[in-house]
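The values are calculated or read from the model by the stated rules, or taken from the named source; none is laboratory data. Not measured: the values here are computed from a predicted model. Here the Cβ positions follow ideal geometry from the backbone for every residue, glycine too, while neighbour counts run over all protein chains shown. Side chains included, ligands, DNA and RNA excluded: accessible areas come from the protein's heavy atoms. Shrake-Rupley method; radii C 1.70, N 1.55, O 1.52, S 1.80 Å.
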Amino acid sequence: MSRTVPAFSGKPLTVEKKKKIPVAKGLVLLFLSVLLITQLYPLLWLLIYSLKTNEEILSGSFFSLPAAPQWNNFTDAVNSGNYFRYLLNSFFVTSITMAGVLLLSSLASFAISRFRWKYGQMVLLVFLIGMMIPLQATLLPLMIIFKNLSILNTHLSIILPYIAFQTPIAVFILSGFMKSIPHEIEESAVIDGAGIFRIFRSIILPISVPPMMTVSILTFINIWNEYILAATFISAEKLKTLPFGVNSFVSQYSVNYGAIGAFLVLGALPVILIYFLLADKITKGMVSGAVKG
């Protein structure tokens, strides 16, 4: 396809339109395909692993299919691994942690990003410094503190550190989003007689649903798989969380590898389900509350 452009010499010039070659699109599709395979393959491999016998696993055939699927591995994972007890404990600890992180981080982010006070950036810096503190460096001080407070070997002894370690990244995400909210919305609410908490509850929170869903997903994944703090502060069998279930299949003389794989599959299912349930909400409401110009 071409178009004619008049020239100064009187002769028409023909300018050919460059045809778009879908090379870039093909490269993007190739990259996304490779990324999809790298993300799905570990889950598929774990599922295959969970259906094998110990002999097949120890034979070194990591990529082969099982000769006969061992569905009894999942039965052993549920019964011998105390799956439902650990599952309820994990849901309880994770739910309380998510609620605490969302409450504290949303209030702190609201104060940092929407109030005009000279210490706002300094407070944000304190939260960001908290992201750089290694978890291992706090184990001994927390052990002494919790022992003095008589809360060692309780769910509270892991919920409090979980909230403390997850709040900085949550404040970083929420404060960055709340800064982009137009101030005209709050000014209109103030004219209508709304107070600070009414503005926070009725305006800022509904608009901030997408980043709060992101914070919820990150918190859920991090806490669901956490083992170091739980292993340090929890020793009672009835209080242990899901990562401890793997230990049920390891004895002094034998290891049930198939049941371990089945337990890991069952442990990953809630994370996958929660992710897909909440990830859809991240893309919604991104422009809610925007000022129409």
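Per-residue ellipticity at 222 nm for the chain, helices alone: DSSP H runs ≥ 4 residues times -39500 (n - 2.57), over residue total, nearest 500 deg cm²/dmol?
-20000 deg cm²/dmol
At 37 °C and 0.692 mPa s, grab the translational diffusion coefficient of the chain from Stokes-Einstein with a Kirkwood Rh over Cα pairs, rounded to a whole number in µm² per second.
Once the numbers are plugged in, D ends up at 139 µm²/s.
May I ask for the Kirkwood hydrodynamic radius of region 107-265, worked out over all distinct Cα pairs and given in angstroms to one decimal?
Hydrodynamic radius (Kirkwood, Cα only) of region 107-265 equals 18.8 Å.
Multiply the residue separation of Phe63 and Tyr41 by 0.36 nm, subtract the distance between their alpha-carbon atoms, and state the gained length in nm to one decimal.
This chain segment gains 6.8 nm when fully extended.
For a Förster distance of 30 Å, can you work out the FRET efficiency between the beta-carbons of Leu103 and Val190, rounded to the nearest 0.05?
Here the calculated transfer efficiency is 0.80.
Multiply the residue separation of Ser80 and Asn225 by 0.36 nm, subtract the distance between their alpha-carbon atoms, and state the gained length in nm to one decimal.
Gain on extension, Ser80 to Asn225, equals 50.2 nm.
Could you calculate the FRET efficiency of Ile151 with Ser254 from 1/(1 + (r/R0)^6), where r is the beta carbon distance between them and R0 is 51 Å, rounded to 0.05?
0.85
Roughly what would the spin-label model give for Leu32 and Gln136, points 7 Å off Cα along C-beta, in nm?
Rounded to a tenth, the inter-label distance reads 4.0 nm.
Based on a Kirkwood Rh over C-alpha pairs, give the Stokes-Einstein translational diffusion coefficient of region 149-241 at 25 °C and viscosity 0.890 mPa s in µm²/s.
It comes out at roughly 155 µm²/s.
Lys pairs in region 87-291, Cα-Cα under 27 Å, at least 8 apart or on separate chains: how many?
5
Keeping all protein chains in place, calculate the accessible area per residue for the chain (probe 1.4 angstrom), answer in Å².
Ligands and nucleic acids excluded, the figure is 62 Å² per residue.
Using a Förster radius of 41 Å, what is the FRET efficiency between Glu55 and Ala236 based on their Cβ-Cβ separation? Nearest 0.05, please.
0.70
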